[in-house]
1. In debye, nearest 20, what is the charge dipole magnitude of the stretch 101-176 about its Cα centre with +1 on Lys and Arg Cβ and -1 on Asp and Glu Cβ, if you could check?
2. Take the chain, connect every pair of alpha-carbon atoms lying under 10 Å apart with a spring to form a Gaussian network, then pick out the residue of GLN144, GLN177, GLN51 with the largest mean-square fluctuation.
3. Could you tell me which trypsin sites (Lys or Arg not before Pro) in the stretch 125-232 are loop residues by DSSP with no more than 16 other beta carbons within 10 angstrom of their beta carbon?
4. Could you work out the Rg to Rh ratio of the chain, with Rh taken as the Kirkwood radius (inverse of the mean 1/r over all Cα pairs)?
5. May I ask which residue of TYR68, ALA166, LEU91 lies farthest towards the positive end of the charge dipole of the chain, with charges of +1 (Lys, Arg) and -1 (Asp, Glu) on Cβ and the Cα centre as origin?
6. State the extension gain, in nm to one decimal, for the chain segment bounded by LEU2 and VAL72, taking 0.36 nm per residue of separation less the distance between their alpha-carbons.
7. Given a 10 angstrom Cα cut-off, can you work out which residue in LEU186, LEU171, LEU105 is the most mobile in a GNM of the chain?
8. Between 0 and 90 degrees, rounded to the nearest ten: what's the tilt of helix 2-11 against the longest Cα principal axis of the chain?
Amino acid sequence: ILKPLFLFAILYLVFDKFLSLGSAIEHFPVYLLLGIVIWNFFAEATSLGLQSIVGRGDLIRKVNFPKYIIVVSGTISSLINLGFSMIVVLLFILINGVTLSWNMLLAIPLIIEIYIFSLGLAFFLSALNVKLRDTGYLWEIFMQAAFYATPVIYPLQMVFTKSELAAKLLLISPVAQVVQDIRYVLVTHDSLTIWSMLHGWRVAIPFVIIMVTVIVASIYFKKSSKQFAEEI
């Protein structure tokens, strides 16, 4: 809970109080905190999943059991942490006077969506890390770039005013789509969503990415898991 709150406090002072980036967004403090919480869950779930198989090498060599349980357990611990963080977000929602409605329940399927995507990546990365031990370093570099390519600390409206195409490209990322959608249902309708930015079949792009990721990751993990005990 302290990690996202500490990051939120710093970013809020810099981006809202000094740079005034959130002046056009209603309830910007909650808007910012929610984005940080969702991103932290995604980063934590994938990072823990990546290290899960290699980190349990002794257990895998001694006991024969379904290896996917190790990856799932790591992501579930991140999901529990997300639950505690969402309690803090709810408190901020109440303090900031955000209007409550039944539409807020739509946050549940959005959390399930980001969890499924994180789990799929965790399966793929954990199996890849067994063969290529530098995967963790490469993923860390990728996540640093992805953090700034995802509208977490800045409103997507800023990108939209500069380039509508760039804003649409950012939204096809499942993480960006979930962040913006959950902001829309929990905090403010000022949040641009994929449903308002894209039309027709393009709306399905993030969901197709998730589906392909889960299928490919599952096949790769199942195939690779047969050699885990020998390769770890």
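Read-outs: derived from the displayed coordinates by stated rules, not from any lab. Owing to the predicted nature of the structure, the values given are computational and were not obtained by experimental measurement. Quick reminder, even Gly has a Cβ in these numbers, built from the backbone with ideal geometry, and neighbours come from all protein chains shown.
1. Working: 4 positive and 4 negative charges, 18 e Å.
So the magnitude is around 80 debye.
2. Most flexible of the set in this elastic network: GLN144.
3. Passing both the DSSP loop test and the Cβ count: ARG133.
4. 1.00
5. TYR68
6. 22.8 nm
7. The residue that fluctuates most here is LEU105.
8. 40 degrees
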